[in-house]
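Notes follow once the structure below has been shown.
Taken together, the values in this text are just the output of simple stated rules run on the coordinates, not laboratory data. Predicted model, so just to flag it, every value in this text is computed and none were measured. All Cβ positions, even for glycine, are placed from backbone atoms using ideal geometry, and neighbour counts span all protein chains on display.
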Amino acid sequence: MKKSKVIPLRIPENLDELAALSAREQHTDKATALRQWMHQGAAHYVLGLVAEGRVSIGRAAELLDLTVYDLYHLAETHGIELGASDEQRQQSRALAAKLAQEGQ
Amino acid sequence: MLDADGIIKLYRAGMLDLVIRTFSCAVPQTVYDEVVTKGKAYFHQDAEVIETILTGTVTIIPVYRHEHQESRLGTGELGILSILPREQNTIVVSDDRRFLAMLATQGTPFLTPADLPVVLAQRGIVTKGEAKEALDRLRPMIRLAAYWDALQDLELGGRHHEKE
């Protein structure tokens with residue numbers, strides 16, 4: 001678990017009401033409900049960064065305090081495709097073709 | 001050399017064992033920790049099976065320090081970057097866009113996991129059918145375009161790139 005710190009946060013009243021509702025339904029408190037939402041939002045944001053090639057999967061896992069396995073699961077859950085760019089894929093395919101010929 | 005992404009995807013494709021037996025593979029300690037040690041600590045069953053596959057078959061390379069200070073990479077990828085200058089003629093297996101961009105700027109050759117079943121099929125180590133099954137297992141973890149490219153290469157048997 002990462003270290004935590006207290007941040008004063010101003011939120012709209014409607015979100016506060018929703019957090020209260022979520023807390024009741026989840027049998028938890030409002031602060032926990034808000035933290036869960038923040039985690040979910042952060043995960044979605046970081047997955048976007050990984051998909052765009054702005055951070056690596058390993059770094060994303062570290063930032064979210066998760067494993068790489070969790071990241072793949074989250075990406076599938078959010079319907080976000082992760083992987084090499086088109087240009088990178090073409091470079092890999094060219095090398096693969098070369099390796100295949102060398103082995104024949 | 002395999003990063004966490006490469007190891008996990010090849011494992012899910014059912015090809016990790018075969019790739020390790022076919023090619024001389026190495027894994028930095030930082031990548032091993034990311035996939036096996038942390039994976040087991042978080043109760044991922046895949047981590048235990050991967051540990052069994054890697055043990056005694058793959059060279060685990062110690063990483064003494066990270067020479068690269070790159071905040072957008074994790075410790076596993078940084079470990080690979082630290083080792084690469086000492087390892088000649090190394091190909092890195094990864095499908096991580098950020099990491100591949102870094103490797104490309106350094107001129108380090110790389111393969112994505114989806115290309116390995118194709119290579120193994122074209123070398124006659126697995127059948128086309130087995131390679132196709134591996135790609136089908138890999139499909140949920142890779143981009144759709146990567147899946148179709150690999151299937152096309154599998155059918156064409158490398159002729160696609162000979163024409164280019």
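At-a-glance table
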| read-out | value |
| --- | --- |
| Whole-number D in µm² s⁻¹ for region A:42-97, Kirkwood Cα-pair radius fed into Stokes-Einstein, 10 °C, 1.306 mPa s | 134 |
| Taking the C-alpha atoms of region B:35-164, convex hull volume expressed per residue in Å³ | 155 |
| For chain A, alpha-carbon Rg and Dmax in angstrom | 20.0, 68 |
| Rounded, prolate or oblate (a/c below 1.5 giving rounded, otherwise prolate when a/b exceeds b/c) for region B:4-111 by Cα gyration tensor | prolate |
| Nitroxide proxy distance, nm - points 7 Å out along Cα→Cβ at B:Ala26 and A:Ala20 | 6.2 |
| Dipole magnitude (debye, nearest 20) for the protein assembly as shown, charges at Cβ of Lys, Arg, Asp, Glu | 300 |
| Alpha carbon Rg of the protein assembly as shown, scaled by the compact-globule rule 2.2 N^0.38 Å | 1.10 |
| Residue-averaged beta-carbon neighbours from other chains (10 angstrom radius) around A:66-77 | 5 |
| Label-to-label distance, nm, for residues given as B:Thr52 and B:Glu130 (7 Å Cα→Cβ offset) | 1.9 |
| Region B:1-66 versus region B:89-164: alpha-carbon centroid distance in Å | 18 |
| Within region A:8-104, trypsin sites (Lys or Arg not before Pro) in DSSP loop having at most 15 other beta-carbon neighbours inside 10 Å | A:Arg10, A:Arg54 |
| Contact order relative to length of region B:115-163, as percent, for alpha carbon pairs under 8 angstrom and 6 or more apart | 38 |
| Fraction in percent of alpha-carbon pairs per bin - 10 Å, region B:90-164 | 19, 46, 32, 3 |
| Computed over region B:86-130, Cα set: Rg, Dmax in Å | 12.8, 38 |
